[in-house]
Amino acid sequence: MKQLTQHVQALFKDVPDSEQKEAVKQEVLQNMEEKVWDLMEQGKNEEDAINKAIVEFGDASDLTNELGVSLPGKKDTTKLNLWYSIWGSSLIIALFIFINFYYTPDVIWFVYPTFAVLWWPLSMYFYWKRNND
């Protein structure tokens with residue numbers, strides 16, 4: 001069970017020390033140990049049971065949200081991605097318009113790839129909107 005303790009310590013290494021952190025760590029460790037004992041009763045060996053309990057637990061993002069802590073390095077880049085997609089698609093559409101009117105001014109075809117390119121900022125807008133609501 002030393003492996004479980006090390007895993008729980010690694011999950012909470014970025015969370016500042018507090019009484020609540022220690023209580024949640026103990027609860028998580030207890031739940032994981034119970035899961036390992038249940039898996040061992042079902043016929044798994046100890047190593048497989050520990051690995052399965054760790055995988056099924058996942059990461060500590062839900063727990064850090066419960067503790068009210070934001071982990072460093074997790075920036076919300078959805079707005080930046082939205083602006084990047086708007087500017088990128090504008091440049092691509094401008095390129096299509098230039099190629100259309102420079103090489104084939106008699107046929108207007110740039111509209112068709114424009115609809116395809118507009119899906120990029122549209123999808124980024126809805127992704128940004130979902131994350132901000």
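The values are calculated or read from the model by the stated rules, or taken from the named source; none is laboratory data. Not measured: the values here are computed from a predicted model. No Cβ is skipped: glycine too gets one built from the backbone with ideal geometry, and neighbour counts run over all protein chains shown. The area values use the complete protein model at the heavy-atom level, side chains included, leaving out ligands, DNA and RNA. Shrake-Rupley method; radii C 1.70, N 1.55, O 1.52, S 1.80 Å.
Rounded to the nearest whole Å², what accessible area per residue is found for the chain with the 1.4 Å probe? Please report the intermediate quantities before stating the final value.
On the way: 9800 Å² over 133 residues.
The answer is 74 Å² per residue.
For n ≥ 4 DSSP H runs only, could you compute -39500 (n - 2.57) per run for the chain, divide by its residues and tell me the 222 nm figure to the nearest 500?
On the way: 7 runs with 99 residues, N = 133.
Roughly -24000 deg cm²/dmol at 222 nm, from the helical runs in the chain.
Considering only protein heavy atoms and a 1.4 Å probe, what is the carbon-and-sulfur percentage of the accessible area of the chain?
That fraction is 58 percent.
So if the hydrodynamic radius of the chain is defined as the Kirkwood radius over C-alpha pairs, what does Stokes-Einstein give as its diffusion coefficient at 37 °C and 0.692 mPa s, in µm² per second?
170
Quick one: helix 19-41 against the long Cα principal axis of the chain, what's the angle to the nearest 10°, folded into 0 to 90?
80
Could you tell me how many degrees, from 0 to 90 and to the nearest 10, lie between the Cα long axis of helix 2-11 and the main elongation axis, the longest principal axis, of the Cα atoms of the chain?
Taking Cα atoms only, the helix is inclined about 40 degrees.
Find which of N131, Q3, V24 sits farthest along the positive direction of the dipole of the chain, computed with +1 on the beta-carbon of Lys and Arg, -1 on that of Asp and Glu, about the Cα centre.
N131
Just tell me which lysines come within less than 30 Å, Cα to Cα, of K25; anything on the same chain fewer than 8 places away is out.
Once the sequence-local lysines are set aside, what remains near K25 is K2, K13, K35, K44, K52, K74, K75.
Go ahead and run the numbers for FRET between N31 and N132, Cβ-Cβ distance against an R0 of 25 Å, rounding to 0.05.
About 0.15, to the nearest 0.05.
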